[in-house]
Amino acid sequence: MGKLSDLGVEEVINGLSNKSFSAKELVQTYIDKILEDKILNAFVRVNPEKSLKNAELSDDRRKRNKVLPLDGVPIAVKDIFCTKNEETNASSKILENFVPQYESTVTRKLLESGGIIIGKTSMDEFAMGSSNETSNNGVVLNPWSKGEKKLVPGGSSGGSAAAVSARLCSAALGTDTGGSIRQPASFCGVVGLKPTYGRCSRWGIIAFASSLDQAGPIARSVRDAAIILEQISGFDTMDSTSVDKKVPNLLTACSQSIKEKTIGIPGEYQISGLSDDVRNIWKQGIEWLKSAGANIIDISLPHTPYALPAYYIVAPAEASANLARYDGIKYGFRANNITSLDDLYSKTRSEGFGAEVKRRILIGTYVLSAGYYDAYYLKAQKVRTKIVQDFNIAFEKCDAILTPTTPAGAFEIGEKSHNPVEMYLNDIFTVPASLAGLPAISLPSGLDNNKRPLGLQLIGRPFDEESILSVASVLEDSANFRSMEIEQGIVS
Amino acid sequence: MSLDRATVIRIANLAKIHIDDSEIDIFTRELSQILNWVEQLNEVDVKNVKPMTGVSGMSLREREDEVLDGGYADKIVKNSKEKKKNSFSVPKVIE
């Protein structure tokens, strides 16, 4: 057995069960690593005392044979999940010093299944970004950066993806609105799984765009992602869009044969901006699936080019409504030297929000304002219907859809931050599944010319996480990404 | 569609975000760029298409109108920077 921190979720569960090490030893190993790290800036907060206390309780349960499914597994949590009595800021100044008085459903389920929260991770402010550069906690470095080239980890769950890649936790939780789990997972060479909309409760997740936001795992293997998702899923009366459906055994799905499966390849994802490396990995993925006996067919999702512009109307519109609650009165930052209530609102919001959040609130306000609602918001909602219809037609003929996760590998810090639209284009392949509420997974499949990770994405039918997990497991075995991590010095 | 300065000032006012004079031109340029880019949606024929107002046609659940919890005003005001006796404090609004 290698270093403790090299172990993924499944290996940790086995190691703890064989008594090869204790949860306390494991948690201490990660805490030391996190505190020693002066480069990545993936974590915004740790509470070593509490994490170690929880590890002791876990070890105690094990002694008494009362083991829970995730008992003793150290998991990093994006700072968008409200954690009871633990500061939560969504990487925004406007939520400075905010200490939630309740636990989000997803983190509650994590804790109730024995998982240990090892720390809170950095993110783009309010999950609005694709590079983690809009975080109020400073930029996060992608562990795959080499020498002078400082790469972004992707976003918005950039801290979580970087932490998993750098072995600062066994796995992490992120949220995905337009690609915020899958894109950083792709950039950092880890697995990111966005479940079907309604699978995980949104209760206690700081809202960005409510019809799109979903929680999900970022992990080092497909099986690890399946183990975590199974524990955090499930019906919750506290979220009106939570769906009352039985959570299947997702780990079993990972070892299912894909011989009967049909995989669709959408022609519309062959965009001109696709790098040759990405094109090649995609072709390679198709070959791997053919060798495993899957049936490959061409499909068409004709409205794909319109998904991104529709998203950048719908998401800001919902954000402008959700973020109206930050007024300086009930919690968080409050501006000083104010003259009136109106002045308090506008100064608090001006000083508390960062530039990208302001841009999105202003766009959202505009597209919802009198005279523009029909031309923008209503139009985007109708285009969203067309995108769902495309998927419905495609899924009559195939069980999963294979695409690249991003048009290219990770870019350098500062490279795209001057141009909002250029930054938005990062999400071109992840946004369609978000708009349709479909489950999708990104898994590391190879490296580009500059030795930066590239991910492949699988999109499934609503509530059919099982199919994409079984297909992803085949790709994972074929890609053998671990050997590239070793070769590139990410893991020893 | 390109926005003008007056429109940016108007929506910033609606959104209750103060913008310094020096920032108006930047926001005008950036927001116009975004809006010009989303214009491509006009290429899509959406005649007789229903707007998607929820995911996979699900309707919001209802529940009995009953009190489930409460009695923790101290927790509700806990994070407020200015509060008095379990109440939020705001600047004077009535002269």
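Apart from one condition, A:Asp244 fits all of (1) over 26 Å from A:Glu10 (Cβ atoms); (2) away from chain B (no Cβ under 14 Å); the exception is (2).
Applying the condition of being of a type in the set (A, V, I, L, M, F, W, C) and open to solvent by 10 Å² or more (accessible area, probe 1.4 Å) to segment A:123-157 and asking which residue is nearest to A:Ala315 (Cα to Cα) yields A:Val139.
Within segment A:343-352, the set of residues being open to solvent by less than 20 Å² (accessible area, probe 1.4 Å) and more than 7 Å from chain B (Cβ to nearest Cβ) comprises A:Thr348, A:Gly352.
Considering only residues of segment A:354-372 that are more than 7 Å from chain B (Cβ to nearest Cβ) and at pLDDT 95 or above, which is surrounded by the fewest Cβ atoms within 10 Å (Cβ to Cβ)? Within segment A:354-372, the match that is surrounded by the fewest Cβ atoms within 10 Å (Cβ to Cβ) is A:Ala355. Taken over segment B:25-45, the criterion of being among the aliphatic types (A, V, I, L, M), in a helix (DSSP H, G or I) and either within 7 Å of another protein chain (Cβ to nearest Cβ) or touching a Leu at 6+ places or on another chain (Cβ under 9 Å) (or both) is satisfied by B:Leu31, B:Ile34, B:Leu35, B:Val38, B:Leu41. Looking across A:Ser180, A:Ser165, A:Ser160, one residue alone is within 22 Å of A:Leu111 (Cβ to Cβ), buried (at least 24 other Cβ atoms within 10 Å of the Cβ) and of a type in the set (Gly, Ala, Ser). It is A:Ser160. Applying the condition of being closer than 16 Å to A:Val222 by Cα and touching a residue at least 40 places away in the same chain (Cβ under 8 Å) to segment A:238-250 and asking which residue is most open to solvent (accessible area, probe 1.4 Å) yields A:Pro248.
Are any residues in segment A:75-109 free of Cβ contacts under 8 Å to residues at least 60 places away in the same chain, open to solvent by 20 Å² or more (accessible area, probe 1.4 Å) and under 20 Å from A:Ser135 (Cα atoms), and if so, which ones? A:Glu86, A:Glu87, A:Val99 - these are the residues of segment A:75-109 that are free of Cβ contacts under 8 Å to residues at least 60 places away in the same chain, open to solvent by 20 Å² or more (accessible area, probe 1.4 Å) and under 20 Å from A:Ser135 (Cα atoms). The listed residues are A:Lys66, A:Lys78, A:Lys84, and the only one of them that is of a type outside the set (Ser, Thr, Tyr) and farther than 14 Å from A:Leu110 by Cβ turns out to be A:Lys66. It is to be established whether one or more residues within segment A:35-53 are open to solvent by less than 60 Å² (accessible area, probe 1.4 Å), under 25 Å from A:Ile486 (Cβ atoms) and of a type in the set (A, V, I, L, M). Looking for residues that are open to solvent by less than 60 Å² (accessible area, probe 1.4 Å), under 25 Å from A:Ile486 (Cβ atoms) and of a type in the set (A, V, I, L, M), one finds at least one in segment A:35-53, hence yes.
Filtering segment B:46-74 down to residues that are surrounded by 10 or more Cβ atoms within 10 Å (Cβ to Cβ) and more than 25 Å from the chain's Cα centre (by Cα), which residue is farthest from the other protein chains (Cβ to nearest Cβ)?
Of all residues in segment B:46-74, those surrounded by 10 or more Cβ atoms within 10 Å (Cβ to Cβ) come to B:46, B:49-56, B:58, B:61, B:72-74.
With the extra rule that they be more than 25 Å from the chain's Cα centre (by Cα), the set shrinks to B:46, B:49, B:72-74.
Working: B:Val46: 4, B:Val49: 4, B:Tyr72: 8, B:Ala73: 11, B:Asp74: 9 Å.
That would be B:Ala73.
Of all residues in segment B:1-23, those that are in contact with a Leu (Cβ under 6 Å, 6 or more places away or on another chain) and farther than 16 Å from A:Glu356 by Cα total 2. Is at least one residue of segment B:80-95 on the phi > 0 side of the Ramachandran plot and open to solvent by 100 Å² or more (accessible area, probe 1.4 Å)? Scanning segment B:80-95, I find at least one residue that is on the phi > 0 side of the Ramachandran plot and open to solvent by 100 Å² or more (accessible area, probe 1.4 Å), so the answer is yes. Filtering segment A:330-339 for residues that are in a helix (DSSP H, G or I), more than 9 Å from chain B (Cβ to nearest Cβ) and either under 30 Å from A:Ala400 (Cβ atoms) or over 24 Å from the mean Cα position of the chain (by Cα) (or both) leaves an empty set.
On inspection, B:Ser22 qualifies as part of a helix (DSSP H, G or I), more than 9 Å from chain A (Cβ to nearest Cβ) and either on the phi < 0 side of the Ramachandran plot or of a type in the set (S, T, N, Q) (or both). For segment B:1-19, how many residues are more than 7 Å from chain A (Cβ to nearest Cβ) and either of a type in the set (Lys, Arg) or assigned to a helix (DSSP H, G or I) (or both)? Here the count works out to 7.
Residue-by-condition table, conditions (1) away from every other protein chain (no Cβ under 12 Å); (2) open to solvent by 10 Å² or more (accessible area, probe 1.4 Å); (3) closer than 26 Å to A:Ala127 by Cβ:
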| residue | (1), (2), (3) |
| --- | --- |
| A:Thr252 | yes, yes, no |
| A:Glu260 | yes, yes, no |
| A:Ser272 | yes, yes, no |
| A:Ile281 | yes, yes, no |
| A:Ser291 | yes, yes, no |
| A:Ala307 | no, no, yes |
| A:Tyr311 | no, no, yes |
| A:Gly328 | no, no, yes |
| A:Leu341 | no, yes, no |
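The values are calculated or read from the model by the stated rules, or taken from the named source; none is laboratory data. Since the structure is predicted, the reported quantities are computational estimates derived from the model, not experimental observations. Counting neighbours? That spans all protein chains shown, and the Cβs are built from the backbone with ideal geometry, glycine included. Ligands, DNA and RNA are excluded from the accessible area calculation, which covers all protein heavy atoms including side chains. Shrake-Rupley method; radii C 1.70, N 1.55, O 1.52, S 1.80 Å.
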